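A.B. asks: Here it is, the structure in full.
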Amino acid sequence: MKLSPLSLRARSLASVALFALAPPALAETMEVADATGQMAEVIVVGQRDAPISIEPRGLSVSLGEEQFAAINAVNVEDLMKYAPNFFVRKRYIGDANGVPGFRGTHSTQSARTLVLVDGFVISNFLGNSFGFPPKWGVVGPGEVKQFDIVYGPYSSRYPGNSMGGIISIATKPPADGVESFATAQYFVQPYKQYGTDKKFQGYTGEAGFSWKQQDGPWSARLSYRRLENEGHPQQFYQLNTVTGGAAGTPVTGAVTDPDLITKTPVSGAYATDDTAQDQVRARIGYDFSNGWNATAMLVAWLSDGDGTNPQTYLRDANGNPVFTTANNRVQVAGKTYTLPAMNLSLSEKREFLGGLRLAGPLADWNVTLNLSHYLVDKQRSRTSTGYDNGIRNGVGTDTNQGDTGWWTGDLLLERQWGRHDLAVGINSNLYYTDQTTNNVLNWRAASAPSFASRTQGKTRQLGLFIDDEWQVADAVWLTGGARLDQWRAFDGSIGTQSKTGPRFQDYASRQKTAVNPTLGIRAELAEDWMAQLSLATATRFPTVGELFQGKFDSNNNFDFGSFDPNLKAETSRDANLMLHHKMGDVRLTGSLFYQRVEDAIFSQQGFNQFGVITTSFKNIDLVRQWGMEGIIEAVDVGLDGLDLDFNAAWIDAQTVRNRSVPASEGVQFPRIPKWRLNGNLRYRLAEDWKISTGWRYASRPNTNLEGTQRGDTYGYTSELMIFDAKLSWQVTDQAEFSFGVDNIGNDKAWVFHPYPQRTFTVELKWKG
């Protein structure tokens, strides 16, 4: 395969960055000296003066105010955009489907990431795809104190959903006394693609206050945030080829893109997702006199989406836009095509997160208890059946989320025992969902509903763990642990409307028990040198959406071949070798990582248990990934106030054995690039002025399992090369103004959908 000049340059840069750090190593030591003044015992990339909020086994990254101030952050997930070998599938501002990915994790494998806010789970383990991302919207970027990221399942404290990694978001605690704050942002994106040429814009506004009783136990923090944005088109309509029959209406304006997977002309753009989101957060704390403290958090997240503006590129002989024709056919350059159906839609969501945290001493133990509940109180989507019905308020569908959400609970006991740091605990969760779709005569009003379909199901997981860190010598620490998980899936069913009325099919309950050990060793090799080896196994159990995914056939009989009744949990074996070295104000870190996943769960087209070709969630027998990562962190690089973070990663993620799709064997796993390069440069121009620039690069990956689809246009996952910049001015002690540009070069990159093009952001912050 011939490499583009850009790919060659990227490989050269990455090679220099990686092998300059040889032997392979990664991670970084937080500069917190212990009582003897030795190098800190925790290996973490990023912040130098803040303890990480999760166990830092394997590669661990901690990001704080220094990194956040250099980023144009509108959504909370933006704060991680330059983290090593990491990405978030964010397609537009306000995107509710931003799935995070680590190393060789596909951008739809959402169930492989455990995401926490102040210790409360916001991961949506009801499914495993782009439709089940973490609930990022429960926190805004202005509320975040710290982002901690751990790559891989190297601590027994966390369930197998940490197979990809863990993200812990710590929000700002109440300040001493009374503090008020406000932020306003405006952003605009001049967007051009095919026949779309428009400026999409939006804003955010946030305000709140915090209070901490100076001579008493109470504290509180309350905030409100509003976001409105016009998203750019996420999909494009293509004409459908037909042979024979009547000719269509002659039209102009169709766009030909010879690189599309489907070669037919592009006829228009799907309706944009014009979103409005409201977020209210309340956090209350109480410090008891006996050393215990309690924290309660309540978040309400409301969002509305308007998808009523599909765009057609087609024009008739009189220049009028063509959405439909009498026979649903058009003629382009002498060829006849059928028109795709252009639907209109409206959506509403109302979601709540409630959590309670208790922590304090009990005998010789430090005890922490977290209880949380995420409630999808309302999730409704109304969609027209075609364009004519859309504008005339005709027939359509009304989909309602019923009893849906999850409960989580965690109990952790920790203590020091000589040279041992011992932890034991329990964590559990219950995920449940119930969704009904009705056919309606008026799609806007959802009038005269008639039952069409229903799906529901539950999963429950209970885990016990023990984890120990043993200082076996002055400069050597041995860590080990094990966890026992008991999992069950139950109450699964699917229903449809038949000639005789609603027809339902129940699924058999499933259960499994798994034991997974972890082992690690960390050592100071010499002054300013530290190494760590981490080993682990993990079991990631199937979600409701992967298990209970069957269908009814054209005769309204349940198709037992449409799902895999024997779907297995995916299990991994993981290893991570890291080395860290500090040279004055420069810190070099790197790693060599390996993961072997048996029975990986992935939506793929292949043969089911009856030998019939279907597309559904199936097990891939064996997927293997390994790679190298390197990080350079430098302070005052040649100039006082010039700081640099740079990271590079090489990844080989391969489908080794797949009986369902043998053509995928030996092929790079889809959507995983060979190379990733991220970085951030920050400079203080003057006492009140700061400038920063950031960059993200990913080489072109495969789009499908077989590796036969590689491209740089709609429908593919493409190469990515994005540069950002930000200029900040501290106007007064209380006010700061900033101006930023994301994607300065206007790189048109794709993750099937188009990523944002060049976007300008202005921001004003105030704190009193």
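Throughout, read-outs are computed from the coordinates displayed, never taken from laboratory work. Since we're looking at a predicted model, the values are computed, not measured. All Cβ positions, glycine included, derive from the backbone under ideal geometry; neighbour counts span all protein chains shown.
A.B. asks: Determine, for 509, 210, the number of other Cβ atoms within 10 Å of each Cβ, and report the residues in order from fewest to most.
C.D. replies: Fewest-to-most Cβ neighbours within 10 Å comes out as 509, 210.
A.B. asks: Got the relative contact order for the chain handy, in percent, Cα pairs under 8 Å and 6 or more residues apart?
C.D. replies: The value is 12 percent.
A.B. asks: Here's something else I'd like to know. Scan the chain and hand back the longest stretch that contains none of the trypsin sites (Lys or Arg not before Pro) lying in DSSP loops with at most 13 other Cβ atoms within 10 Å.
C.D. replies: Free of exposed loop sites, the longest segment is 3-262.
A.B. asks: What FRET efficiency would be calculated for the residue pair residue 378, residue 247, taking the C-beta separation as r and a Förster radius of 56 Å, to the nearest 0.05?
C.D. replies: Computed FRET efficiency for residue 378 and residue 247: 0.75.
A.B. asks: To the nearest 0.05, how large is the calculated FRET efficiency for residue 306 and residue 188 if R₀ is 22 Å and r is the Cβ-Cβ distance?
C.D. replies: E between residue 306 and residue 188, to the nearest 0.05, is 0.75.
A.B. asks: For the chain, what does -39500 (n - 2.57) per DSSP helix run (n ≥ 4), summed and divided by total residues, give at 222 nm, in deg cm²/dmol to the nearest 500?
C.D. replies: Result for the chain, helices only: -1000 deg cm²/dmol.
A.B. asks: Run the dipole for segment 498-639 about the Cα centre, Lys and Arg Cβ at +1, Asp and Glu Cβ at -1, nothing else charged, and hand back the magnitude in debye, nearest 20.
C.D. replies: Computed charge dipole of segment 498-639: roughly 720 debye.
A.B. asks: Along the charge dipole of segment 193-352, pointing to its positive end and built from +1/-1 on Cβ of Lys, Arg, Asp and Glu, which listed residue (256, 210, 196) has its Cα farthest out?
C.D. replies: Positive-end residue among those listed: 256.
A.B. asks: Then there's this: List, in order, the whole-Hz ³J(HN,Hα) value for each residue of segment 162-170 obtained from phi through the Karplus relation with A = 6.51, B = -1.76, C = 1.60 and θ = phi - 60°; use x for Gly and Pro.
C.D. replies: Here the 3J(HN,Hα) series is 8, 3, x, x, 10, 10, 10, 9, 9 Hz.
A.B. asks: Tell me which lysines have Cα within less than 28 Å of residue 512's Cα, excluding those fewer than 8 residues away on the same chain?
C.D. replies: Answer for residue 512, where 28 Å is the Cα cut-off: 135, 458, 551, 568, 618, listed by chain and number.
A.B. asks: Quick check on the exposure proxy: order 406, 729 from fewest to most C-beta atoms within 10 angstrom.
C.D. replies: 729, 406
A.B. asks: Also, quick follow-up: Name the chymotrypsin sites (Phe, Trp or Tyr not before Pro) in segment 234-299 that are in a loop by DSSP and that have at most 15 other C-beta atoms within 10 Å, would you?
C.D. replies: Passing sites in segment 234-299 are 288, 292.
A.B. asks: Also, I was wondering about something else. Starting with the highest mean, order 247-256, 339-348 by the number of other Cβ atoms within 10 Å, averaged over the residues of each peptide.
C.D. replies: Sorting 247-256, 339-348 by mean packing, highest first, produces 339-348, 247-256.
A.B. asks: Same structure, new question: Taking the Cα-to-Cβ direction at residue 622 and at residue 468 and moving 7 Å from each Cα, how far apart do the two end points lie in nm?
C.D. replies: 3.4 nm
A.B. asks: If the chain were replaced by its equivalent ellipsoid, with semi-axes equal to the square roots of 5 times the Cα gyration tensor eigenvalues, what would those be, largest first, whole Å?
C.D. replies: Sorted largest first and rounded, they come to 42, 31, 28 Å.
A.B. asks: Which residue, chosen from 435, 461, 446, occupies the Cα position most advanced towards the positive end of the dipole of segment 393-485, where the dipole is computed from +1 (Lys, Arg) and -1 (Asp, Glu) charges on Cβ about the Cα centre?
C.D. replies: Checking the options against the dipole of segment 393-485, the answer is 446.
A.B. asks: Say a paramagnetic label sat at a point 7 Å from the Cα of residue 176, along Cα to Cβ; which residues of segment 721-742 have their backbone N under 20 Å from it?
C.D. replies: In segment 721-742, the label zone of residue 176 (backbone N under 20 Å from the point 7 Å along Cα→Cβ) covers 733-734.
A.B. asks: Where Lys and Arg each count +1 and Asp and Glu each count -1, what net charge lies around residue 146 among other residues with Cβ under 12 Å from its Cβ?
C.D. replies: So the environment of residue 146 carries a net charge of -4.
A.B. asks: With +1 assigned to the C-beta of every Lys and Arg and -1 to the C-beta of every Asp and Glu, and no other charges, what is the dipole magnitude of segment 620-717 about the Cα centre in debye, to the nearest 20?
C.D. replies: The calculation lands at about 580 debye.
A.B. asks: Report D for segment 214-344 in µm² per second (integer): Stokes-Einstein, Kirkwood Rh on Cα pairs, 25 °C, 0.890 mPa s.
C.D. replies: After rounding, the answer is 129 µm²/s.
A.B. asks: If you take the charge dipole of segment 624-757 about its Cα centre, with +1 on Lys and Arg Cβ and -1 on Asp and Glu Cβ, which of 627, 695, 647 is farthest toward its positive end?
C.D. replies: 627
A.B. asks: Let me ask another. Counting only residues 5 or more places away or on other chains, whose amide H sits under 5 Å from the amide H of residue 72 once H atoms are built in the peptide plane?
C.D. replies: For residue 72, no residues qualify.
A.B. asks: Which angle between 0 and 90 degrees, to the nearest 10, do you get for helix 5-19 versus the longest principal axis of the chain when only C-alpha atoms count?
C.D. replies: 20 degrees
A.B. asks: Then there's this: Can you tell me the FRET efficiency between residue 475 and residue 635 if r is taken as the Cβ-Cβ distance and R0 is 25 Å, rounded to the nearest 0.05?
C.D. replies: Computed FRET efficiency for residue 475 and residue 635 comes out at 0.45.
A.B. asks: Oh, and also: Please compute the net charge surrounding residue 468, taking Lys and Arg as +1 and Asp and Glu as -1 over other residues with Cβ under 12 Å from its Cβ.
C.D. replies: Residues close to residue 468 contribute a combined charge of -2.
A.B. asks: Also: Can you sort 196, 243 so the residue with the fewest Cβ neighbours within 10 Å comes first?
C.D. replies: 243, 196
A.B. asks: To continue, here is another question. Relative to the Cα centre, what is the charge dipole magnitude of the chain, using +1 at the beta carbon of each Lys and Arg, -1 at the beta carbon of each Asp and Glu, and rounding to the nearest 20 debye?
C.D. replies: Here the chain has a charge dipole of around 2700 debye.
A.B. asks: Hey, what do the phi angles of segment 502-508 turn into as Karplus ³J(HN,Hα) couplings, whole Hz, using 6.51/-1.76/1.60 and θ = phi - 60°, x for Gly and Pro?
C.D. replies: For segment 502-508, the Karplus curve yields x, 10, 10, 10, 8, 9, 5 Hz.
A.B. asks: If you add up the charges near residue 395, with Lys and Arg at +1 and Asp and Glu at -1, over every other residue whose beta carbon is less than 12 angstrom from its beta carbon, what do you get?
C.D. replies: Computed value for this residue: +1.
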